[in-house]
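Data first, discussion second: the structure below is written as structure tokens.
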Amino acid sequence: MQAEIGEYIVGAYLKIIKEVDYVDYNVRPPKGGLEGLAELDVVGLDIKTKTAYLCEVTTHILGLRYGDYEATYQRLLEKHQRQQMYANKYLKDFILIKYMFWSPIVPEGDLTDKLKSIEGLELIINDEYTKRIDELKKAAKDITQDTGNPFFRTLQILERLKRIESL
């Protein structure tokens, strides 16, 4: 399955800002079966520091929602549990495992309060998501080589257009 643009955003952040060695998209546990049906949206591995980033990505531009807020919470909790199972089974050599949930628009209130209660899950949502995009935009001004990430390449092009307009 091809990565979606939201996943490329997260991959760009991991590769460019966090400087991980390896990023993969839509990672499925080996051996197939029922376990193999559950995918991890983005996995970043920093070999130097033995840090793994396991990222769930939901890019709903009208706001995160899978039914009511309880159903949404349950779905994300299950996804986080799958992240943990994957790490426990396949990433034993990594010293630090970072579990992240990325979504640009999550309604503030009961849902965000409940999501914040999921132990060990870093929320990159709303303002924090925007801050990460801003970091990428800043990097896109300085980096000229193609990194192989279509989202980051788009930022690079847009940043160059801004420079041309200002001349």
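Computed from the coordinates by the stated procedures, all read-outs in this text should not be read as laboratory data. This is a predicted model, so every value here is computed, not measured. Heads up, the Cβs are rebuilt from the backbone with ideal geometry, glycines too, and the neighbour counts pull from every protein chain shown.
Semi-axes of the chain's equivalent ellipsoid from the Cα gyration tensor, sqrt of 5 times each eigenvalue, largest first, rounded to whole Å?
Numbers: eigenvalues 155, 87, 38 Å².
Values for the chain, descending: 28, 21, 14 Å.
Simple spin-label model, 7 Å along Cα-to-Cβ: LYS92 to GLN145 in nm?
3.6 nm
Suppose we keep just the DSSP beta bridges with both residues in the chain; what percent of those would be antiparallel, to 5? Please report the intermediate quantities before stating the final value.
On the way: 10 of 22 bridges.
Percent antiparallel among DSSP bridges in the chain is about 45.
Find how much the distance from LYS137 to GLU122 grows on full extension, using 0.36 nm per residue of separation minus their present alpha carbon separation; answer in nm with one decimal.
Here the answer is 3.2 nm.
What is the dipole size for region 5-166, taken about its Cα centre, with +1 at each Lys and Arg Cβ and -1 at each Asp and Glu Cβ, in debye to the nearest 20? It would help to have the intermediate numbers written out before the result.
Numbers: 24 positive and 26 negative charges, 94 e Å.
Its charge dipole is roughly 440 debye.
Among the listed pairs LYS15/LYS50; LYS15/LYS137; LYS15/LYS116; LYS114/LYS138; LYS79/LYS114, which have their C-alpha atoms separated by more than 23 angstrom in this model?
On the way: LYS15/LYS50 15 Å; LYS15/LYS137 14 Å; LYS15/LYS116 26 Å; LYS114/LYS138 32 Å; LYS79/LYS114 15 Å.
Flagged as over cut-off: LYS15/LYS116; LYS114/LYS138.
Give me the net charge for the shell around TYR25: Cβ to Cβ below 13 angstrom, other residues only, Lys and Arg +1, Asp and Glu -1.
Summing Lys and Arg as +1 and Asp and Glu as -1 gives -4.
Please give the net charge around LEU121, taking every other residue with its beta carbon less than 15 angstrom from that of LEU121, where Lys and Arg add +1 and Asp and Glu add -1. Walk me through the numbers on the way to the answer.
On the way: positive: ARG75, LYS79, ARG82, LYS98, LYS114, LYS116; negative: ASP41, GLU56, GLU78, ASP113, GLU119, GLU122, GLU128.
Computed value for this residue: -1.
How far, in nm, would the chain grow between THR130 and GLU159 when pulled straight, counting 0.36 nm per residue and subtracting the alpha carbon separation? All intermediate terms of the calculation are to be shown ahead of the outcome.
On the way: separation 29, 0.36 × 29 = 10.44 nm, distance 1.66 nm.
Full-extension gain reported as 8.8 nm.
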